[in-house]
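What follows is a structure written as structure tokens; I'll ask about it next.
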Amino acid sequence: MSYIEVKDVKKSFGSGDSRSSVLKGVSLTVDKGEMCGIFGPSGSGKSTLLNMVGGLEGYDSGSISVNGISLTGMSNKEAVEYRRSNLSFIFQFYNLVPDLTIRENIRAAQYLAKNPLPIDELIDVVGLTEHQNKYPSQVSGGQQQRCAIARAIAKNPNVMLCDEPTGALDYASSKIVLELLENVNRKYGTTMLIVTHNEAIRYMVDHIIKVHDGLIAEDIINTEKKSAKEIDW
Amino acid sequence: MIILKRASRMFMKNFFKYLGVILIIIFGMAVVIGYGNTSFSAKETIDRYWEETNVEDGEFSLYVKLTEDDKKNISDLGISLQDTFYFDIDAGDSFTYRIFKSRKNINKEKIIEGKTSLPADNEIRLERVFMEENDVLLNDDLTIDDKDYNIVSKVVVPDYEHRVAEISNVGTDERFALIFVNDNVYDELLISHKDDEVYNYTYTVDKGDADEASDDLYKYLKDLSVEESRIEDTYVLSELKERDDDKKELDDAFDDIKKGAQDIADGTENVNKALGGQIKELTELGKGAEKIADGTSKLHKNVSEAIDELTEYKYPALYRFNKAKDNTRVVDFVDAHKMYYAMSLFLGLLIAILISYIMSVFSAGLIDNDSKTIGTLYAMGYRKSELMKLYLLVPTIAVTAGSVIGTAFGFKMTDSLIAANYSHPDMIHTYPAVLIAYGIVMPIIITIAINCFTINKKLSRTALEILQNRKEFTTKHSEQVRTKEKEFIPSFRSSQTKKEVKSHLILLFGMILAILIMTLGMALYGSMIHYADSIADDTKFEHMYVLCDPLEKVPEGAERSLTVSLSMYCDMAGSELPVVIEGVEKNSKYFDFAGKLSEDKNLIYASDSAIIKYGCKKGDKLIFTDQLNKKDIVFTMEGDVSYKNGIFFFMDIDAMREYFELPEDYYNTLLSDNELDIDHNMMISHTTKKSIVDTAESWAIETKGTIGAFLVMSIVIFVLVICILVKNMLERSIYQISLLRLIGFRTAELNKVYLNSTVFTAILAGVIGMPLGKVLMDYLVPVMNGSMKSGMRSYIYPSAYLIMSALLIISYLASYLMMQRKISAISANEVLKDRE
Ligand SMILES: Nc1ncnc2c1ncn2[C@@H]1O[C@H](COP(=O)(O)OP(=O)(O)OP(=O)(O)O)[C@@H](O)[C@H]1O
Ligand SMILES: [Mg+2]
């Protein structure tokens, strides 16, 4: 059985005249430990899809289940518990807690986990040892995103949802972030959904999904997977 | 929990705002708890004091001393008695010394300072407030009747906590001294004041119900009468003399008849003898006349006895009887503070509401600014309850700190807020649980409740909504189109104000609260001063003498009137208050309303002072209680008249004589412009206009401290409320302000957008607050003075409104300048800073 199952999910926003259909019947499956890239033009509904899997957004019809948990009709409270024990997010704009240091931001995530990963190792993995006691505003965007990744893995989640993790970063920083994600996937077997505009990423993922106009336009298993080091753009 | 670390950083970041809130709480709670605690402290102090000094259960005064038999009978009722005789010495310069023997078992003096053993023959104990008010020190000498006595102890006694010479007196007089001496000195001083001695007794009930035992005692005393030979009242004596004269005339008449009859008998016998004793008829006539003489003798004896029985004069010995619980001299001190308690609870509630609202605006603002973080944490899987904790922690700690410090200050301040002018021992410090709950727990609970509500509302949105900081969907397109036509700044300002409408409402509430507190101060002071002034206007006599009975001759230049002292239950005071019915002559020189008073014996007129106390109106049935005779008296109110000192009701003197079944021409009060020479035996009290007005003025002076406290508190609240809320609004718009500055807006223009809307709020607060304050004070001032034995109307001087406005404008400008500096400090590159 697939780890993530999305079946004929439809979603529209607004009502009356301003009603617009964003997802018009999307189905897909992702296996455990798979690194899945979601591609598509702006406004095609990628983020919406990701948020639904993350239990942040509801849907009108269809069904989604993750790790055997059905998200259909889930209450706010149940969604919190679901995220708490299964998920981590990585956002385009890092979203670190400004009043906490890098280290404390990571500890804030550790607090939520039953089996958190050791913090010093994590900080070392993302290469922030010398910056760990700085506040987010005192480090660069790439360093912040590395912190966000460390925060995401600290929980040792089943699924990591990344919405344009390199969207705000330059080439070099993006490469580091992608290598990190790849390492995490390999080391911990974390299932990953990565929404991105960066077409080069399609070469390093196991599973390529393309969304177009609210529908799945492409759903391919990548058999010639490259490592993050090898890709270029 | 690591994110709680954040709470302390949030607090440090918002330190000054929180400091403001903490200061408001400290100020507010200090005053609230301080005043509230006076009632507990007073109660505790007095309870212990009464226990220690064996306070009376009641007192009474007689025209004669009790006999040993009487004392035995009273003791059989289960009552312990103490002679608490005294006499007043006029020490000149309006000073009165009331001399007592040092008390042996009831109402004992409590030594505050100095020697505890009985004063020696050249020593006295002196009452505390008199010493303090007149700067008399321990070991000073006091001259009484030309002899110096050393003051060896400073004392208080429980039957003169309210230090008035007569129970019905309105105000205390700092020139009234209570002096306690040993028995020798008392007797020595008494020699030249024999006529002034008051046979006052105090009693305690040994066991059983004090009220019932008091009633039994009263019944016993009521039946006591004064032997004719001991009556001193000249009016009664002249009445008795008249009776004796009449009786003597009757005796003479009988004697004449008897003598005449005897003469007839003797004459007849002589005639008969001269005629040789032969005429039988003459003998019969002689016998008849003799019978008349005998009969007349018998008749005389019988008639005399009957007349004696009929005219036997029973002169009641009792002229004053008060249970301690109805005696304001004893209970007033505790009663006076009950009102403080209610007031402080009310004020505390207002402050707590204000604080929690400010807190909730804070939290809402923080959460708005923080929505990204909250959304992220929420998305990460933090629970609502965990986030709630984070956002509740800081306000709760701030409020806790403020209320703990404020409450502590309040307890510390209690002593200084105790009503002045009462004679009491050093106050016992109390820390009642209810006030601790009120001062600390209540603000915390309200803060948590309101914050929970606000935060919960925010957090009940989905993580995504919070993350994207999506506003609730409100479409007001039409309005937006219209505002476009207007000039940019006013329309931008109004949209800004709309956005911050909640803050403005709280600002309004806070400003109104500040204005109300200010009005309270102004009204208390204004009312006192106005009261003193109007008393001076209203009181047209210089001297008022209340007498036992009419004098033989009305002194030159004095006006007669009739005084009956009763009591009446007052809701506002929660107790019986002494009231006076005054009968005035039609052509009175001192009461200009006298001419219009009805001659109907059932109609009565209320003074405005009485109306304030009782809220009575024309047509009301007024029930008075005659404490001495234990009966109720009912009059119908016919109208109102202007008189302010004491709770007075007025009647036409003839109507009043008729009602109370007093002789024509009877009176017991004299009013005059000049001091009269009246025998002390006949006088119950002597009041001067000067002492009445002085007393009222001294109250006004005493309240000055309180007024200062209220003014400072209101200004602090006013300024802090503006600073906290405006600062909060500015911080929420900091990005926008920075952006506007970046595109070239000047500081003056930014002030217009972000600060000027507070002008309208301030003006609105003034427009609502001052009239509201006036209405509230009209109600509150009489209630606050509930136990005062006179009605005081709330009065705010027109100039007070000007002063308040000026203070508010200055405070506003000061806050405005501070906020302006805050705007100037927001630089254009704020927008460039990475906001993460
Ligand atoms: N809460 C919402 N209310 C109304 N419309 C929404 C909402 N969220 C998303 N949309 C609309 O749904 C569509 C898809 O949005 P989504 O964010 O999923 O696109 P995307 O593929 O992630 O685009 P991008 O690559 O630019 O991030 C867009 O047209 C967007 O306007
Ligand atoms: Mg997107």
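Could you figure out which of (1) at pLDDT below 90; (2) not in a helix (DSSP H, G or I) isn't true of B:G595?
Answer for B:G595: the failing condition is (2).
Within segment B:258-265, is even one residue within 53 Å of the chain's Cα centre (by Cα) and β-branched (V, I, T)?
The answer is no; no qualifying residue exists.
Looking at (1) surrounded by 17 or more Cβ atoms within 10 Å (Cβ to Cβ); (2) more than 28 Å from B:I684 (Cα to Cα), which is the only condition B:D141 fails?
Just one mismatch for B:D141, condition (1).
Of all helices (runs of 4 or more DSSP H) completely enclosed by segment A:119-233, which ones contain at least 1 residues that are of a type in the set (G, A, S) and either within 14 Å of another protein chain (Cβ to nearest Cβ) or within 16 Å of ligand 1 (Cβ to nearest atom) (or both)? Write out each step before concluding.
Numbers: elements: A:119-125, A:141-154, A:171-188.
Hits in segment A:119-233: A:141-154.
Could you grab me the full set of residues in segment A:34-44 that are surrounded by fewer than 22 Cβ atoms within 10 Å (Cβ to Cβ) and either of a type in the set (A, V, I, L, M) or more than 13 Å from A:I208 (Cα to Cα) (or both)?
Residues satisfying the conditions are A:P41, A:S42, A:G43, A:S44.
While we're on this one: Surrounded by fewer than 20 Cβ atoms within 10 Å (Cβ to Cβ) and out of contact with any helix residue (DSSP H, G or I) (no Cβ under 6 Å at 6 or more places or on another chain): which single residue out of A:H212, A:H207 fits that description?
A:H212
Right, here's the next one. Quick one: in segment B:433-471, of everything that is of a type in the set (S, T, N, Q) and within 14 Å of chain A (Cβ to nearest Cβ), which residue is farthest from ligand 1 (Cβ to nearest atom)?
By that ranking, first place goes to B:N456.
Out of the residues in segment A:7-33 meeting the condition of being surrounded by 14 or more Cβ atoms within 10 Å (Cβ to Cβ) and more than 18 Å from A:L193 (Cα to Cα), tell me which one is farthest from ligand 1 (Cβ to nearest atom).
A:G25
Here's something else I'd like to know. Determine whether B:T758 is part of a helix (DSSP H, G or I), modelled with pLDDT under 80 and crowded, with 18+ Cβ neighbours inside 10 Å. Can you show your working first?
On the way: part of a helix (DSSP H, G or I): yes; modelled with pLDDT under 80: no; crowded, with 18+ Cβ neighbours inside 10 Å: yes.
No, not satisfied.
Which residue, of B:I405, B:I367, B:I397, B:I351, is part of a helix (DSSP H, G or I), at pLDDT below 80 and at negative phi?
Answer to the check: B:I367.
Which of the residues spanning segment B:597-621 are surrounded by fewer than 13 Cβ atoms within 10 Å (Cβ to Cβ) and in contact (Cβ under 8 Å) with a residue 40 or more places away in the chain?
B:E599 - this is the single residue of segment B:597-621 that is surrounded by fewer than 13 Cβ atoms within 10 Å (Cβ to Cβ) and in contact (Cβ under 8 Å) with a residue 40 or more places away in the chain.
Filter segment B:765-804 for residues that are more than 30 Å from B:S575 (Cβ to Cβ) and in a loop (DSSP other than H, G, I, E, B) and give the result.
B:Y797
While we're looking at this one, here's another question. Identify all residues within segment B:1-20 that are of a type outside the set (D, E, K, R) and either more than 14 Å from chain A (Cβ to nearest Cβ) or assigned to a helix (DSSP H, G or I) (or both); write none if there are none.
The answer is B:I3, B:L4, B:A7, B:S8, B:M10, B:F11, B:M12, B:F15, B:F16, B:Y18, B:L19, B:G20.
Something else: Sort out which residues of segment A:101-116 are among the aliphatic types (A, V, I, L, M) and either within 7 Å of another protein chain (Cβ to nearest Cβ) or surrounded by 20 or more Cβ atoms within 10 Å (Cβ to Cβ) (or both), and write them in order of number.
To start, the set of residues in segment A:101-116 that are among the aliphatic types (A, V, I, L, M) comprises A:102, A:106, A:108-109, A:112-113.
A:I102, A:I106, A:A108, A:A109, A:L112, listed by residue number.
B:R657 is checked against (1) out of contact with any strand residue (DSSP E or B) (no Cβ under 6 Å at 6 or more places or on another chain); (2) part of a loop (DSSP other than H, G, I, E, B); (3) not β-branched (V, I, T) and fails just one. What number does that condition carry?
(2)
In this structure, is B:V404 in contact with a helix residue (DSSP H, G or I) (Cβ under 8 Å, 6 or more places away or on another chain), more than 14 Å from every other protein chain (Cβ to nearest Cβ) and surrounded by 23 or more Cβ atoms within 10 Å (Cβ to Cβ)? Explain how you work it out, then say what you get.
Numbers: in contact with a helix residue (DSSP H, G or I) (Cβ under 8 Å, 6 or more places away or on another chain): yes; more than 14 Å from every other protein chain (Cβ to nearest Cβ): yes; surrounded by 23 or more Cβ atoms within 10 Å (Cβ to Cβ): no.
No: the conditions fail for B:V404.
Could you say which residue among B:F648, B:F624, B:F635 is of a type in the set (F, W, Y), in contact (Cβ under 8 Å) with a residue 60 or more places away in the chain and under 30 Å from B:S214 (Cα atoms)?
Answer to the check: B:F648.
This table checks each residue for (1) among the charged types (D, E, K, R); (2) within 17 Å of the chain's Cα centre (by Cα); (3) more than 27 Å from A:V205 (Cβ to Cβ).
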residue	(1), (2), (3)
A:Q92	no, yes, no
A:Y111	no, no, yes
A:P116	no, no, no
A:I123	no, no, no
A:R146	yes, yes, no
A:I153	no, yes, no
A:L161	no, yes, no
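Next question, about the same structure. Grab the helices (runs of 4 or more DSSP H) fully contained in segment B:182-287, keeping just those with 2 or more residues being modelled with pLDDT of 90 or more.
In segment B:182-287, B:183-190, B:210-222 are the helices (runs of 4 or more DSSP H) which contain 2 or more residues that are modelled with pLDDT of 90 or more.
Hey, among the residues in segment B:376-386 that are surrounded by fewer than 22 Cβ atoms within 10 Å (Cβ to Cβ) and assigned to a helix (DSSP H, G or I), which one's nearest to the other protein chains (Cβ to nearest Cβ)?
Across segment B:376-386, the extreme among qualifying residues is B:K384.
On the given criteria, is B:D196 assigned by TED's automatic domain parsing to the domain that holds B:K108, under 52 Å from the mean Cα position of the chain (by Cα) and charged (D, E, K, R)?
Against the criterion (assigned by TED's automatic domain parsing to the domain that holds B:K108, under 52 Å from the mean Cα position of the chain (by Cα) and charged (D, E, K, R)), B:D196 qualifies.
How do the strands (runs of 3 or more DSSP E) wholly within segment B:21-113 filter down when requiring 3 or more residues that are under 17 Å from B:V181 (Cβ atoms) and out of contact with any His (no Cβ under 9 Å at 6 or more places or on another chain): which remain?
Ranges flagged: B:96-101.
Let me ask something else about it. Of the numbered conditions (1) in contact with a Gly (Cβ under 7 Å, 6 or more places away or on another chain); (2) under 30 Å from B:H193 (Cβ atoms), B:V55 satisfies every one except a single condition; which is it?
(1)
Right, next: Residues in segment A:57-64: is at least one more than 15 Å from A:V6 (Cβ to Cβ), modelled with pLDDT under 90 and within 9 Å of another protein chain (Cβ to nearest Cβ)? Explain how you work it out, then say what you get.
Here is the first cut: in segment A:57-64, the residues more than 15 Å from A:V6 (Cβ to Cβ) are none.
No: zero hits.
Here is a yes/no grid of residues against (1) surrounded by 12 or more Cβ atoms within 10 Å (Cβ to Cβ); (2) of a type in the set (A, V, I, L, M, F, W, C); (3) farther than 24 Å from B:T202 by Cα:
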site: B:S229; (1), (2), (3): no, no, yes
site: B:E232; (1), (2), (3): yes, no, no
site: B:Y235; (1), (2), (3): yes, no, yes
site: B:E239; (1), (2), (3): yes, no, yes
site: B:D252; (1), (2), (3): no, no, yes
site: B:I257; (1), (2), (3): yes, yes, yes
site: B:G260; (1), (2), (3): yes, no, yes
site: B:G267; (1), (2), (3): yes, no, yes
site: B:K273; (1), (2), (3): no, no, yes
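Further question: Restricting attention to strands (runs of 3 or more DSSP E) lying wholly within segment A:1-116, give those where 3 or more residues are more than 16 Å from ligand 2 (Cβ to nearest atom).
Because the criterion is at least 3 residues that are more than 16 Å from ligand 2 (Cβ to nearest atom), the strands (runs of 3 or more DSSP E) in segment A:1-116 that meet it are A:4-13, A:20-30, A:61-66.
When segment A:34-47 is examined, which residues are found to be near ligand 1 (Cβ under 10 Å from one of its atoms) and under 20 Å from A:N67 (Cα atoms)?
Selection gives A:I38 alone.
Any chance you could count how many residues in segment A:72-100 are more than 9 Å from chain B (Cβ to nearest Cβ) and surrounded by fewer than 22 Cβ atoms within 10 Å (Cβ to Cβ)?
Within segment A:72-100, the first condition is being more than 9 Å from chain B (Cβ to nearest Cβ), and the residues that meet it are A:72-75, A:78, A:90, A:92.
Those left that are additionally surrounded by fewer than 22 Cβ atoms within 10 Å (Cβ to Cβ): A:72-75, A:78, A:92.
The total comes to 6.
The values are calculated or read from the model by the stated rules, or taken from the named source; none is laboratory data. From a predicted model like this one, the values you see are computed outputs, not experimental measurements. Methodologically, a virtual Cβ is constructed for each residue, glycine included, from the backbone with ideal geometry; neighbour enumeration extends over all protein chains shown.
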